[in-house]
Amino acid sequence: MRDVQSEPANHKVSVDKVGVREVKYPIVVKDKAKKEQHTVADINMYVDLPHRFRGTHMSRFIEVLNKHRGQMSMQHMESLLCEIKSVLDAKSAHIRIAFPYFIEKSAPVSGAKSLTEYRCQFIAKHEKELDFTLEVTVPVTNLCPCSKEISEHSSHNQRGSVTVQLKFKDFIWIEDVITLVESVASCEVYSLLKREDEKYVTERAYARPMFAEDVVRDLAQKLEADPNITWYTVASENYESIHNHNAYAFIEKKLPR
C-alpha cells in the first residue's frame, strides 16, 4: 500500500515534535512497599520530523508503548525512547507519562487506613543521551504565620499543593520524595480522619505555620544537601481560604554554565 507519510513534504520545514497526545494507557510502576503498582496514565509521545518526510507513522508509537507498558520505570525510559527513535527514523524522542500514584496512609491518632492520591509524571527525552525528570505533586495543609500572629483566637489555614521536579544520579523512590515534601508543610493531608485525628492535624498545623515561601525555601535547602539531586524545581501553591486568589512560590536550581 502507498506510504503517504514517507513521501516528500510539500515544503522544506522540519518539525520539532510530532506524535500522539492524551493516550490513556494502563501501566505498571515501581512501588516501594509492594514492588509494583498498577495505574492508568495519560501519555504523550513525540519525535522530530525531518523536512524530507511528509508525516510520521502514528501507529508505531502505540506499538512501542504496548511492548513496554509493564516496564514504565525510570530505568526503562532510555530503551523505550531509543526504540521509538529507531522505528520512526528520528534523531530525538520525547515522552511524558502522567499518572495517579496511591499510598496507603494511617491516620495520625486513630490509625484508620485509607489511600491518598499523588500526581506524578515521568518526563523524558533522548537525543544523544537520556534526559529524565521526575515530577511529583503532593497535597499539603499550610497555616498562615501572619494570620496566627495578628489573631487572638484562631488562624486561617488552607489546603495546598507542592510540586517538585527532580533530576538525579541514582534511582529515587516516589515515596521518599513525598515524605520529604510532607516534612516541610504545616501538616500532611489524609483521606480519612476520625475526630481525634482532626484535632491532631488542626493543632499540628497551628504549631507549624508556613508561608508558601517558607515551604519552597525549606525544601530547596534539603534538596541542595542531597548529593544525588543534580537539578530541581520546587513550587508551592496555597488555595487561599480567605482570599479570591492563591499564594504561590517557586525556586529552580540553576545549572552550572
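What follows is calculated from the coordinates using simple rules that are stated; it is not laboratory data. Computed from a prediction, not measured in an experiment: that's the story for all the values here. In this analysis, Cβ positions are derived from the backbone assuming ideal geometry, glycine residues included, and neighbour counts consider all displayed protein chains.
Highest-first packing order for the peptide set 226-234, 40-48 is 40-48, 226-234, based on the mean count of other beta carbon atoms within 10 Å. Given a Förster radius of 41 Å and the C-beta distance between SER106 and VAL15 as r, what FRET efficiency does 1/(1 + (r/R0)^6) yield to the nearest 0.05? For R0 = 41 Å, the calculated efficiency reads 0.25. The angle separating the long axis of helix 77-87 from the principal Cα axis of greatest extent in the chain is about 20 degrees. Over 27 Å apart at the Cα level, from the set LYS148/LYS253; LYS12/LYS254; LYS24/LYS125; LYS35/LYS167; LYS35/LYS91; LYS34/LYS167, are LYS148/LYS253; LYS12/LYS254; LYS35/LYS91.
Shown here for region 87-163: trypsin sites (Lys or Arg not before Pro) in loop regions (DSSP other than H, G, I, E, B) with at most 14 other Cβ atoms within 10 Å, namely LYS91, LYS128. Across region 127-205 the C-alpha pair distances fall into 10 Å bins from zero in the proportions 15, 38, 26, 13, 6, 2, 0 percent.
Relative to the longest principal axis of the chain, what angle (0 to 90°, nearest 10) does the C-alpha long axis of helix 195-207 take? Relative to the chain, helix 195-207 is tipped by roughly 90 degrees.
If you take the Cα atoms of the chain, find Rg, then find the Kirkwood Rh from the mean of 1/r over all pairs, what is Rg/Rh? The Rg/Rh ratio comes out at 1.07. The C-alpha atoms of the chain define a longest principal axis, and helix 58-68 lies at about 60 degrees to it.
The label point for GLN71 and the one for SER183, both projected 7 Å from the Cα toward the Cβ, are 3.4 nm apart.
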